Amino acid sequence: MQSRKQVGYETAKVGQGRAFKNGWIGKEGDGFVQIVPTIQDATQVDLREIALTGTFKAGEKVLADLRKRKLIIQRKGQWFTVKKGPYFSTSTAKPETDLTMEMLTAYATGEILVIVYLIYPLEALTLNAII
């Protein structure tokens, strides 16, 4: 009776049903008595295993029961693997689109410039692509 006040009537009702089903408590008069000295809560053990590993080895039947009781929610996860490619850089550089006067004078004087040019899809601009 005291635990009903602590957790609320609806919660105590759900827990009370499971306790009767598992044989942990019995009814004596208007109150309840504890039948077993210690309680082994299989649901709590199952939920801990799911929380730690993300899966459950015992089977789909137990998982379906936990889903029905709204203790777990199945979600789909996606994982991506990202690797550094050949053009990996820690900085973002805007590729050049046109030749500038500075580039031409640097080339004429023999100065070496490292410039990244924008690659145009010239195949898409041909007459065959229009026809």
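Couple of notes before you dig in:
- Evaluated with a Cβ-only charge set (Lys, Arg +1; Asp, Glu -1), the stretch 61-118 carries a dipole of roughly 1460 debye about its Cα centre, given to the nearest 20.
- Rounded to the nearest 10 degrees, the angle from helix 42-53 to the longest Cα principal axis of the chain is 10 degrees.
- Cβ-based charge dipole, the stretch 21-111, positive-most Cα from G29, G77, L99: G29
- About the centre of its Cα atoms, the chain shows a dipole size close to 1300 debye [charges on the beta carbon of Lys, Arg (+1) and Asp, Glu (-1) only; nearest 20 debye].
- Protein accessible area in the chain, 1.4 Å probe - carbon and sulfur %: 58
- Between the listed residues G15, Q44, F88, the Cα displaced farthest toward the positive end of the dipole of the chain, a dipole computed from Cβ unit charges relative to the Cα centre, is found at G15.
- Residues whose amide H lies under 5 Å from that of E96, counting only those 5 or more places away or on a different chain, are V116, Y117, L118; hydrogens are built 1.01 Å from N in the peptide plane.
- Accessible surface, per residue, of the chain when the full set of protein chains is kept, probe 1.4 Å, Å²: 95
- 222 nm mean residue ellipticity, helices alone, for the chain (DSSP H n ≥ 4; -39,500 (n - 2.57); rounded to 500): -11500 deg cm²/dmol
- Answer label, with mean projected area of the Cα convex hull in nm² calculated from the coordinates and candidates [x] 8.1; [y] 10.5; [z] 20.6: [z]
The values are calculated or read from the model by the stated rules, or taken from the named source; none is laboratory data. It should be emphasised that the depicted structure is a prediction, and the values quoted were computed from it without experimental measurement. Don't worry about glycine lacking a Cβ; one is built from the backbone with ideal geometry, like all the others, and counts go over all protein chains shown. Just so you know, the surface numbers come from the protein's heavy atoms only, side chains and all, with ligands and any DNA or RNA stripped out. Shrake-Rupley method; radii C 1.70, N 1.55, O 1.52, S 1.80 Å.
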